[in-house]
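The values are calculated or read from the model by the stated rules, or taken from the named source; none is laboratory data. All values reported here derive from a predicted model rather than from experimental measurement. Cβ coordinates were reconstructed from backbone atoms using ideal geometry, including for glycine residues, and neighbour counts include every protein chain displayed.
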Amino acid sequence: MLTYILFIIGFFFLIKGADLLIDGSSSLAKKLGVSDIFIGLTIVAFGTSAPELVVNITASLAGSSNLAVGNILGSNIANILLIGGISAIVFPLSLKKGTVWKEIPFSLLAVIVFGLLVNDQIIDKQNFSTLTRIDGLILICFFIIFLYSTFGLSKAQSEDAADKVQKKSVLISITFIIIGLIGLILGGKWIVDGAIKLATSLGVSEVMIGLTIVAVGTSLPELATSIMAALKKKSDIAIGNIVGSNIFNIFLILGITATIKPIEFNPQLNFDISITLFATVILFIIAFSGRKNTLDRWEGIGFVILYIAYTSFLIYRG
């Protein structure tokens, strides 16, 4: 029973830990005279992906590679279909030209590259498939290219994020960083432990738990950010946050996780890679259908329905 309680509390620790880490690090960076653009593009952006990163590293080190990969694919699917859908229902989302022609194609590339790297059994006729350390470094290289290419595109949004940073004393900033890291580590461990036990007790796979409960839980920061942006009618930030998070998840988080420890890949997850690819392609197509460069409310409803259908299939698959 304690494991399940800690599993629920773990999400609070994980998200609050990420918030404190971002606040402390951003404040300290501003105190040290670091530019707003750098803070927005690195500290704030990396901090919002911290929950997925910590859960993935913890799951990988615990030998639960299915949970690690499922968490990323599930988060990416939830980001587009669930979070994107809900945000569009709140307020129609406008897609900027840079998002349509740079970020979405990069997100598409991320899924394709990941799919190629993990399918050793299909491509090289190996006995097993693994995301090796070299594969992880390749993903990180792609991330560096993405970061460089979108520097100008993200400039305005990064400055918006950095402008919200409040300067605190060095002692308070460092305290926030330490507490944030502790929260992330404890939250990540409790979530992974709880997810493994939950899968065992329900008689379902770690893949399903990772693709659903853990994925949505670690995507809560993106959900909150996108909905708030939609309510404030800053729809370009809402959709940019979703697509950017998906690129971070594959190129950066899976890259770092695989570099620390190679990840065994379950071929069953190829279906979920296909769904991630499908959702990304649909998002790209929508930019040219109906109202150009806009994700309307009815399309948002369609996205949510698709997510419910996908989740129902996962439950059926077990």
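For the range 115-165, give me every one of the helices (runs of 4 or more DSSP H) that falls completely inside it and has 2 or more residues that are crowded, with 20+ Cβ neighbours inside 10 Å, small (Gly, Ala, Ser) and modelled with pLDDT under 90. It would help to see each step written out before you state the result.
Values: elements: 120-123, 133-149, 151-163.
So the answer is 151-163.
Exactly one of (1) surrounded by fewer than 17 Cβ atoms within 10 Å (Cβ to Cβ); (2) modelled with pLDDT under 95; (3) part of a helix (DSSP H, G or I) is unmet by Arg291. Its number?
(3)
Scan the helices (runs of 4 or more DSSP H) fully inside the range 168-273 and keep the ones with 3 or more residues being farther than 18 Å from Ala110 by Cα and in contact (Cβ under 8 Å) with a residue 24 or more places away in the chain. Explain how you work it out, then say what you get.
Details: elements: 170-202, 206-209, 215-218, 220-231, 235-247, 255-260.
Correct list: 170-202, 206-209, 215-218, 220-231, 235-247.
How many residues are among the acidic types (Asp, Glu) and within 20 Å of the chain's Cα centre (by Cα) when one looks only at the range 267-318? Explain how you work it out, then say what you get.
Here is the first cut: in the range 267-318, the ones among the acidic types (Asp, Glu) are 272, 296, 299.
The next check asks that each one be within 20 Å of the chain's Cα centre (by Cα); those that pass are 272.
Here the count works out to 1.
State yes or no: is Lys16 modelled with pLDDT of 80 or more, closer than 19 Å to Ile182 by Cβ and either surrounded by fewer than 18 Cβ atoms within 10 Å (Cβ to Cβ) or out of contact with any Gly (no Cβ under 8 Å at 6 or more places or on another chain) (or both)? Before the answer, list the steps.
Numbers: modelled with pLDDT of 80 or more: yes; closer than 19 Å to Ile182 by Cβ: yes; either surrounded by fewer than 18 Cβ atoms within 10 Å (Cβ to Cβ) or out of contact with any Gly (no Cβ under 8 Å at 6 or more places or on another chain) (or both): yes.
Spelling it out, Lys16 is indeed modelled with pLDDT of 80 or more, closer than 19 Å to Ile182 by Cβ and either surrounded by fewer than 18 Cβ atoms within 10 Å (Cβ to Cβ) or out of contact with any Gly (no Cβ under 8 Å at 6 or more places or on another chain) (or both).
One residue is enough: does the range 59-66 have a residue meeting the conditions in contact with a Lys or Arg (Cβ under 8 Å, 6 or more places away or on another chain), within 16 Å of Ala215 (Cα to Cα) and modelled with pLDDT of 80 or more? Reasoning before the result, please.
Step one: list which residues in the range 59-66 are in contact with a Lys or Arg (Cβ under 8 Å, 6 or more places away or on another chain), which gives 60-61.
With within 16 Å of Ala215 (Cα to Cα) added as a condition, the list becomes 60.
Among the residues that remain, those that are also modelled with pLDDT of 80 or more are: 60.
Yes: the range 59-66 contains one or more residues that are in contact with a Lys or Arg (Cβ under 8 Å, 6 or more places away or on another chain), within 16 Å of Ala215 (Cα to Cα) and modelled with pLDDT of 80 or more.
Among what's in the range 251-262 and is of a type in the set (Val, Ile, Thr) and buried (at least 24 other Cβ atoms within 10 Å of the Cβ), pick the residue that is nearest to Thr150 (Cα to Cα).
Among them, the one singled out is Ile253.
Looking at the range 61-72, I want the residues that are at negative phi and have a partner that is surrounded by fewer than 24 Cβ atoms within 10 Å (Cβ to Cβ) and in a loop (DSSP other than H, G, I, E, B) with Cβ atoms under 6 Å, at least 6 apart or on another chain. Which pairs are those?
So the pair list comes out as Asn66/Asn266.
Going through the range 166-190 one residue at a time, which ones are crowded, with 18+ Cβ neighbours inside 10 Å and more than 24 Å from Ala62 (Cβ to Cβ)?
Result: Lys168, Ser173, Phe176, Ile177.
Filter the range 294-313 for residues that are surrounded by 13 or more Cβ atoms within 10 Å (Cβ to Cβ) and of a type in the set (Phe, Trp, Tyr); which is nearest to Leu116 (Cα to Cα)?
Top of the filtered list is Tyr310.
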